[in-house]
Amino acid sequence: MTVLTSKEKEEIQHQFTLLLEKSPRLKKKTDRELVEKALSLANEAHKNMRRRSGEPYIFHPLSVARIVSEEIGLGSLSIICALLHDVVEDTDYTLEDIEYQFGEKAATIIDGLTKISGAFDNQTSTQAENFRKILLTLSDDVRVILIKLADRLHNMRTLHAMPAEKQLKIASETIFIYAPLAHRLGLHAIKTELEDLSLKYRHPQVYDEIAHKIREKEKSRIAEINRFSLPIIEALEKNHIQFDINGRPKSIYSVWKKMQTKNIPFEEVYDLLAIRIIFEPKPRISEKALCWNIYSLITDIYIPKPDRLRDWISKPKANGYEALHATVMGPSGKWVEVQIRSRRMDEIAERGYAAHWKYKGINAQVNELDVWLRKIRELLEDPNENALEFLDEFKLNLYSSEILVFTPKGHIKSLPKNASTLDFAYEIHSEIGNHAIGAKVNHRLVPLSYKLSSGDQVEILTSDKQKPQREWLDYVNTVKAKVNIKKSLKTDTRSRIQTGKLKLESKLKELDIPLSARVFRKLLPAYEVLSKDELYSKIGLDLIDLSDIKKILKQKSKNKLVKYWELQFLRSKNTKEAEDNGEALQEKQKNQEKKTLVLHEDPDATESFYKIAPCCKPIPGDQVTGYQDPDTDQVIIHKSNCPVIVKLASEHGERIIPVRWTAHKVLSFLTRIKIVGIDRIGILNDITSVVSKVLNVNIRALNVDVDDGIFNATLDIYVHSTVHLNNLVYELAKIKSVEKVNREETIVE
Ligand code: MN
């Protein structure tokens with residue numbers, strides 16, 4: 001046991017005085033007394049403990065409390081919880097003790113903090129699960145995460161005292177979980193420090209090297225910034241604007257990351273100049289007006305790059321960030337980014353969530369964070385979702401930049417960049433997404449795959465008949481949409497298999513045949529399927545009718561289906577023998593009749609063993625020929641009359657494989673049709689409603705051209721087969737004033 005030295009006691013008292021002095025939100029006497037009480041409890045609880053560095057343990061909670069107060073800006077309750085955050089976990093004190101002395105709220109927060117720590121101690125749980133647990137606590141109280149971030153920051157600042165393997169684990173967790181969270185909560189300064197510290201322990205050499213180079217470059221960079229800033233400073237002073245101007249320092253981590261992602265050397269990253277202007281508000285003029293005023297003064301001096309103007313003031317980012325970003329041509333012929341923001345905006349940018357408190361009266365953007373937290377909660381409500389999948393997709397959403405779009409009523413929704421109209425539909429409600437058939441963007445009809453841009457106004461069109469399709473997964477980007485589509489597809493598959501199974505069982509019962517392995521051995525090849533589930537699935541879909549089942553079961557089995565792996569085997573064997581025996585054998589093979597490869601449909605497989613040729617895009621029902629690609633060994637399916645396959649056949653006849661389709665009903669294939677007609681009001685609406693409402697076909701792209709009253713439309717659509725397509729063409733041709741509907745034979749994209 002170790003007793004505190006008098007010097008240590010003095011230092012604790014000193015730190016505590018600083019905590020009280022520097023906490024702007026600790027004004028009330030009662031609050032200060034409670035904080036004091038928390039310190040003495042923590043002091044007592046941890047009195048015999050020291051950290052690995054040798055210093056008394058109490059320095060850790062004290063430091064965390066100071067971060068919580070000074071760097072995040074939280075109030076007395078959070079400070080108390082920070083002081084007590086390790087008490088329940090590491091000492092004999094219980095949650096009840098805390099509740100008794102500090103109230104229910106404090107006990108809940110400390111309970112949350114203890115649970116998070118528990119998540120990491122458990123060696124069996126994966127990082128993904130840990131992350132999930134952490135996010136779950138968000139639903140309790142966001143202060144739990146903020147205090148946890150402060151705790152992690154202090155641990156990272158003192159990580160040098162830890163043994164090497166622990167350093168690596170903690171540093172990895174930090175970059176994996178805590179830095180993205182800090183980013184999302186708008187804690188820019190903390191996020192940057194966590195990233196830098198993590199890099200320092202994960203890649204010490206890289207870290208030192210970049211840090212060294214930055215120091216070397218510092219002088220010339222400052223000189224360049226001064227040269228650029230001087231005329232701006234003069235102009236702002238002349239207009240009586242009070243401000244700070246600085247060259248935005250780049251963090252070591254951000255430099256490293258840019259070098260990695262863009263694959264460019266240090267110099268190229270570092271030479272990009274960026275400056276920040278932080279202005280003080282003026283009476284009787286709004287911050288927004290002042291921002292644009294400054295923008296105008298700067299662009300009087302330097303020429304702006306119009307496509308690089310970012311207005312985060314009219315609509316702040318979801319994490320609360322507000323500023324005006326512009327890029328102008330500097331005096332030395334290089335682009336310079338200029339960020340303009342008020343003192344208040346700057347504080348929010350650096351300290352995020354908590355800074356909103358201070359300015360709540362001025363600007364009530366706190367809601368944005370609540371909205372984000374609510375979204376996470378919704379996602380977490382589905383306990384069956386695979387944790388890893390969730391994590392990957394969630395992380396994507398943490399970092400990706402956002403676009404802002406409008407509902408028909410003018411409400412704003414924020415979505416990740418690259419979001420489609422279908423993402424938007426799911427964002428509104430999962431039921432809207434599940435039944436979406438198309439959308440109107442800025443009053444123009446567009447397909448579900450249409451990529452949205454900031455500022456679009458979107459209205460979703462729905463139909464009761466619609467349900468989620470497999471190809472939808474190709475054009476959604478939000479977690480919410482993916483989770484819902486997959487859920488629905490899984491349910492579909494399960495119910496299809498179940499229906500098929502019941503049908504087969506009752507049919508066999510009717511015939512008085514017991515269900516046995518022998519039955520399957522006969523049925524699978526006869527119906528050209530590869531597994532029991534596929535058989536059930538196809539029976540469930542009515543793709544297989546069981547009227548001839550008796551005949552099949554009586555027949556002697558003959559295996560006419562060539563499975564893909566058998567084909568592979570055949571090929572490799574042939575090649576080997578050919579090498580051994582020379583050309584005589586090859587000649588013999590040529591004369592041999594080749595077996596036909598059956599392109600059967602597995603409704604539930606995620607990947608196919610064949611590939612549709614991009615040149616002619618055949619669909620089931622077309623006459624097709626296969627070509628075994630020597631590089632990938634994949635069989636590529638062309639239309640038999642495609643010029644590409646004709647040429648290949650003449651050069652590499654040995655790689656040509658006869659193929660044929662089985663009936664397709666679930667998988668969809670992309671094809672293109674052209675429609676020509678006389679233009680009239682509503683024609684486009686009629687076409688899209690036939691395509692999506694009547695026939696339930698998904699549109700990938702739609703191009704319309706009207707020239708001299710003649711209407712020309714190109715539709716890229718997903719169909720199951722030629723039967724399906726012909727049906728569609730027939731229906732489209734019936735539309736008033738449509739003259740001609742054709743399938744486009746060669747698709748050039
Ligand atoms: Mn701690």
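For region 237-259, a residue qualifies if it is assigned to a helix (DSSP H, G or I) and within 17 Å of Asp208 (Cβ to Cβ), and the qualifying residues are Ile252, Tyr253, Ser254, Val255, Trp256, Lys257, Met259. For Leu648, the conditions (1) without any contact (Cβ under 8 Å) to a residue 40 or more places away in the chain; (2) assigned to a strand (DSSP E or B); (3) touching a helix residue (DSSP H, G or I) at 6+ places or on another chain (Cβ under 8 Å); (4) not charged (D, E, K, R) are fulfilled apart from (2).
Taking the criterion of being open to solvent by 30 Å² or more (accessible area, probe 1.4 Å) and of a type in the set (S, T, N, Q), the residues of region 626-667 that qualify are Thr632, Gln634, Ser640, Asn641, Ser650. Of the residues examined, Ala223 is one that is more than 16 Å from the ligand (Cβ to nearest atom) and not polar (S, T, N, Q).
Once region 527-549 is narrowed to residues that are modelled with pLDDT of 80 or more and either more than 23 Å from Arg494 (Cα to Cα) or in contact with a strand residue (DSSP E or B) (Cβ under 6 Å, 6 or more places away or on another chain) (or both), the residue that is surrounded by the fewest Cβ atoms within 10 Å (Cβ to Cβ) is Ser547. Taking first residues from region 236-249 that are assigned by TED's automatic domain parsing to the domain that holds Phe279 and partners that are assigned to a helix (DSSP H, G or I), the Cβ contacts under 6 Å between residues at least 6 apart in sequence or on separate chains come to Phe243/Leu236; Ile245/Ser229; Gly247/Ile225. Screening Arg51 with (1) more than 12 Å from the ligand (Cβ to nearest atom); (2) in contact (Cβ under 8 Å) with a residue 12 or more places away in the chain; (3) open to solvent by 30 Å² or more (accessible area, probe 1.4 Å) gives one miss only, at (1). Cβ-Cβ contacts under 6 Å between residues 6 or more apart (or on different chains), taken from a first residue in region 57-74 that is over 17 Å from Arg143 (Cα atoms) to a second residue that is away from the ligand (no atom under 11 Å from the Cβ) and part of a loop (DSSP other than H, G, I, E, B), are listed as Tyr57/Met49. Please verify whether Val741 is surrounded by fewer than 20 Cβ atoms within 10 Å (Cβ to Cβ) and not in a loop (DSSP other than H, G, I, E, B), treating the condition exactly as stated. No. All of Ser76, Ser63, Ser40 fail the test of being polar (S, T, N, Q), closer than 22 Å to Ala107 by Cβ, open to solvent by 10 Å² or more (accessible area, probe 1.4 Å) and at pLDDT 90 or above, apart from Ser40.
Restricted to helices (runs of 4 or more DSSP H) entirely inside region 497-561, those with at least 2 residues that are in contact (Cβ under 8 Å) with a residue 60 or more places away in the chain are 532-540. Tyr178 meets each of the listed conditions (1) over 30 Å from Thr299 (Cβ atoms); (2) more than 16 Å from the ligand (Cβ to nearest atom); (3) outside the structural domain of Glu337 (by TED's automatic domain parsing) apart from (2). The residues in region 54-107 that are of a type in the set (Asp, Glu) and within 16 Å of the ligand (Cβ to nearest atom) can be counted, and the count is 5. Sub-6 Å Cβ pairs linking a first residue in region 670-692 that is within 13 Å of Lys734 (Cβ to Cβ) to a second residue that is acidic (Asp, Glu), at least 6 apart or interchain, are Gly677/Glu739; Val690/Glu731, ordered by first then second residue. Filtered by the rule that a residue be more than 20 Å from Ala349 (Cβ to Cβ) and open to solvent by less than 60 Å² (accessible area, probe 1.4 Å), region 237-262 gives Trp256, Met259. When you scan region 140-163, do you find a residue that is surrounded by fewer than 24 Cβ atoms within 10 Å (Cβ to Cβ), over 25 Å from Ser78 (Cβ atoms), free of Cβ contacts under 8 Å to residues at least 12 places away in the same chain and within 15 Å of the ligand (Cβ to nearest atom), even just one? No, because not a single residue in region 140-163 is surrounded by fewer than 24 Cβ atoms within 10 Å (Cβ to Cβ), over 25 Å from Ser78 (Cβ atoms), free of Cβ contacts under 8 Å to residues at least 12 places away in the same chain and within 15 Å of the ligand (Cβ to nearest atom).
The values are calculated or read from the model by the stated rules, or taken from the named source; none is laboratory data. This structure is a prediction, so every number in the text was calculated from the model and none was measured. Backbone-built Cβ (ideal geometry, glycine too); neighbour counts: all protein chains shown. Surface areas here come from the heavy atoms of the whole protein model, side chains and all, with no ligands, DNA or RNA. Shrake-Rupley method; radii C 1.70, N 1.55, O 1.52, S 1.80 Å.
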